[in-house]
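Quick one: this structure, given as structure tokens, is what I'll be asking you about.
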Amino acid sequence: MQDDILKLAYEVSGTTEKKIHLIDSLMGEARFLAINARIEAARAGEAGVAFGILADEMGKIAGKIVNISAELRAAIETSTGRLKDVGGVIVRNHQGARCTDLALNVIELIDRNLYERSCDVRWWATDSAVVEALELGNQSARALAGGRLNTILKSYTVYIDLFIADAGAKIIACGRPDAHPRLIGQDVRHADWFARAMQTSSGDDYVVADVVTSPLLNDAQVAVYATAIRAGGAPKGKPLGVLGIAFDWAPQAASIVNGVRLSEAERKVTRVMLLDAGHRVLASSDGAGLLTETYPLQPSGPSGFYMAEDRLVAYALTPGYETYAGLGWYGVIETRV
């Protein structure tokens, strides 16, 4: 509807300009004929006086019509110009509101996905095999825990791997040791997720690290969720170590940014992104700048849109989902207009 208003404004402007140009052209011909008529009347002398008067009147009328035509052109140009401006604002506001809704949808989808990850890590940390791997500490218990993690991975395809680190920050078991042989025995004391998970106050708490490219996981892009594994699997039990789960970020995020409902024409001029709290590009529908580009987002509230040169930028801040408060991430839609 908004596009139709703007198209109509341009059509009215174009049609009016053509018709006024035609009137001007005809009046030019009429004035030329009037001049010729006066010349012929002068040659006719006394007999042409009356005809000369008529020719003068024709010239005057043609002049008036030309003046009216000029006034009409000016008035219509002003009106259609205002209509174009208003139509442009209506179209931009409509497009901005729609893109803002799409940006919110993008961030809500990833929030719901990550909420499930926060539930998974807290649940699996209470698994008896996982707990006994640290309580018993023998090779048999570790092997059993690794087998349990492998079984989980067969059902949960969104993970690259699951791993257990003891209190000394050494990884003692993982679900895919053949795929990631460097994990076992790895010292993770300097990993942000390990230190923070060991400091959680109960089994209800969890931590999440920034999305990174992990050399230990064959350079996959991962987001590690972690929580403390506690004595007896009790919510307030003593922290024995940490369960880390590596969310397979790239394909999951790509499916979200590429799944936005856009027409083919819109898709060609639109970039859909997920940004972290520092505006780093976490996912992008054009595949550019992943984990390296900082997007120049200029938010003025939790959601909205603005113009940046020839681009409309719509954004929405994570609202969180259920017990998942979100990480300050943004869904962003950038489209050329």
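Pull up the range 255-279, narrow it to residues that are aliphatic (A, V, I, L, M) and crowded, with 16+ Cβ neighbours inside 10 Å, then point me to the one that is farthest from C174 (Cα to Cα).
Here the residue is L262.
Out of all the residues in the range 260-283, which are under 23 Å from G96 (Cβ atoms) and either within 11 Å of the chain's Cα centre (by Cα) or among the acidic types (D, E) (or both)?
V260, E264, E266, T270, R271, V272, M273, L274, L275, V281, A283
Checking the conditions here, which among D166, D161, D120 is in contact with a His (Cβ under 6 Å, 6 or more places away or on another chain) and at pLDDT 95 or above?
Working: D166 fails: in contact with a His (Cβ under 6 Å, 6 or more places away or on another chain); D120 fails: in contact with a His (Cβ under 6 Å, 6 or more places away or on another chain).
Matching residue, one of D166, D161, D120: D161.
Please enumerate the residues belonging to the range 264-287 that are part of a strand (DSSP E or B) and without any contact (Cβ under 8 Å) to a residue 24 or more places away in the chain.
R280, V281
Among the residues of the range 218-258, how many are without any contact (Cβ under 8 Å) to a residue 40 or more places away in the chain and touching a helix residue (DSSP H, G or I) at 6+ places or on another chain (Cβ under 6 Å)?
So the answer is 3.
Would you check which residues across the range 307-337 are free of Cβ contacts under 8 Å to residues at least 60 places away in the same chain and part of a strand (DSSP E or B) and list them?
Initial filter on the range 307-337 (free of Cβ contacts under 8 Å to residues at least 60 places away in the same chain): 308-311, 313, 325, 328.
Listed by number, the residues that qualify are A308, R311, V313.
For the range 140-150, indicate whether the set of residues that are of a type in the set (S, T, N, Q), closer than 19 Å to P239 by Cα and part of a helix (DSSP H, G or I) is non-empty.
no
Right, here's the next one. Would you confirm whether any residue within the range 179-194 is among the hydrophobic types (A, V, I, L, M, F, W, C), touching a residue at least 60 places away in the same chain (Cβ under 8 Å), out of contact with any Pro (no Cβ under 7 Å at 6 or more places or on another chain) and within 16 Å of W124 (Cβ to Cβ)?
no
On to the next question. Looking at the range 179-210, which of its residues are more than 32 Å from the chain's Cα centre (by Cα), surrounded by fewer than 18 Cβ atoms within 10 Å (Cβ to Cβ) and assigned to a helix (DSSP H, G or I)?
Listed by number, the list holds a single entry, A195.
Contact list please: Cβ distance under 8 Å, first residue in the range 122-136 and of a type in the set (G, A, S), second residue in a loop (DSSP other than H, G, I, E, B), pairs at least six apart or on different chains.
Pairs found: A125/G203.
If you don't mind, another one. Exactly one condition in (1) in contact (Cβ under 8 Å) with a residue 24 or more places away in the chain; (2) closer than 19 Å to V130 by Cα; (3) not hydrophobic (A, V, I, L, M, F, W, C) is not met by R261; state its number.
The single condition R261 does not satisfy is (2).
Could you run through the range 206-238 and say how many residues are at positive phi and either charged (D, E, K, R) or in contact with a strand residue (DSSP E or B) (Cβ under 9 Å, 6 or more places away or on another chain) (or both)? Write out each step before concluding.
Within the range 206-238, the subset at positive phi is 218-219, 232-233.
With either charged (D, E, K, R) or in contact with a strand residue (DSSP E or B) (Cβ under 9 Å, 6 or more places away or on another chain) (or both) added as a condition, the list becomes 218-219.
Selection size over the range 206-238: 2.
Something else: Tally time: how many residues in the range 214-233 are surrounded by 15 or more Cβ atoms within 10 Å (Cβ to Cβ) and under 21 Å from A250 (Cα atoms)?
Adding up the residues that qualify gives 10.
Taking L114, is it at pLDDT below 95, in a helix (DSSP H, G or I) and surrounded by 16 or more Cβ atoms within 10 Å (Cβ to Cβ)?
yes
The values are calculated or read from the model by the stated rules, or taken from the named source; none is laboratory data. Given the structure is predicted, the values throughout are model-derived calculations rather than measurements. Cβ: placed from backbone, ideal geometry, glycine included. Neighbour counts: every protein chain shown.
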